[in-house]
Amino acid sequence: MTYEELMQKAIDAAKNAYCPYSKFPVGACVMTDDGAIYTGCNFENSSFGMTICAERNAIGSAIAEGKRKIKAVAIFSPVQDNCAPCGACRQVIHEFCDNDNDVDIILQSGNELKIFTLAQLLPESFSL
């Protein structure tokens, strides 16, 4: 699957976001090492700490199917270009990869895709 196709799935997922408080919809599409695709959107709760990011939603779906290795994550918000993952999501992505340099994070700015490695977005990541 191309990165453009992954981004389109993230765009589609953002349409299902539940964000009545922030008004900040986000969609994500995760591709695992075997090419399987999982999408997710953010969903909020009036107890703000209970809110789930789109990236962690998609990763959770992959985990529920037995997947453990992420190769790429596309992230989209219609209200912000280059909608990068929050710190918590970066750390969760790190948990499910072999090497931070081998995971691409795909963001959209206008009609252009920007590709970063997880290592670029999470230098000196935490591991046990």
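Considering only Asn82, Asn111, Asn45, the Gaussian network model of the chain with Cα springs below 10 Å gives its largest mean-square fluctuation to Asn111. Between Arg56, Arg68, Arg90, find the one with the highest GNM mean-square fluctuation for the chain; connect C-alpha pairs within less than 10 Å. Checking each option, the largest mean-square fluctuation is seen for Arg68.
Report summary: the helix-based calculation at 222 nm, which adds -39500 (n - 2.57) for every DSSP H run with n ≥ 4 and divides by the residues of the chain, gives -8000 deg cm²/dmol.
Multiply the residue gap between Asn101 and Thr117 by 0.36 nm, knock off their C-alpha separation, and tell me the result in nm, one decimal place.
Working it through step by step, the gained length comes to 5.2 nm.
For Gly27, neighbours were defined as the other residues whose beta-carbon sits under 9 Å from its Cβ, and their charges (Lys and Arg +1, Asp and Glu -1) total +1.
Each residue of the range 18-25 is assigned a 3J(HN,Hα), and the resulting list reads 10, 9, x, 8, 8, 6, 10, x Hz, derived from the Karplus form 6.51 cos²θ - 1.76 cosθ + 1.60 (θ = phi - 60°), x at Gly and Pro. The GluC sites (Glu not before Pro) of the range 12-120 that DSSP puts in a loop, and whose beta carbon has at most 13 other beta carbons within 10 Å, are Glu65. A Gaussian network model of the chain, with springs between Cα atoms under 10 Å, assigns the largest mean-square fluctuation among Gly66, Gly35, Gly49 to Gly49. For the chain, the share of DSSP beta bridges that are antiparallel, to the nearest 5, is 85%. Here the range 70-128 carries DSSP beta bridges of which approximately 70% are antiparallel, counting only pairs with both residues inside.
Looking at the range 1-60, which chymotrypsin sites (Phe, Trp or Tyr not before Pro) are DSSP coil and have at most 15 other C-beta atoms within 10 Å of their C-beta?
Filter output for the range 1-60: Tyr21.
Rg and Dmax of the range 68-128, both derived from C-alpha coordinates alone, stand at 11.5, 39 Å.
What whole-number volume per residue, in cubic angstrom, does the convex hull of the C-alpha atoms of the chain give?
Cα convex hull per residue, to the nearest whole number: 102 Å³.
A short reminder: the numbers here are calculations on the coordinates, not readings from a lab. Everything numeric here is computed off the predicted structure, so don't read it as measured data. Cβ sites come from the backbone with ideal geometry, for glycine too, and all protein chains shown count toward neighbours.
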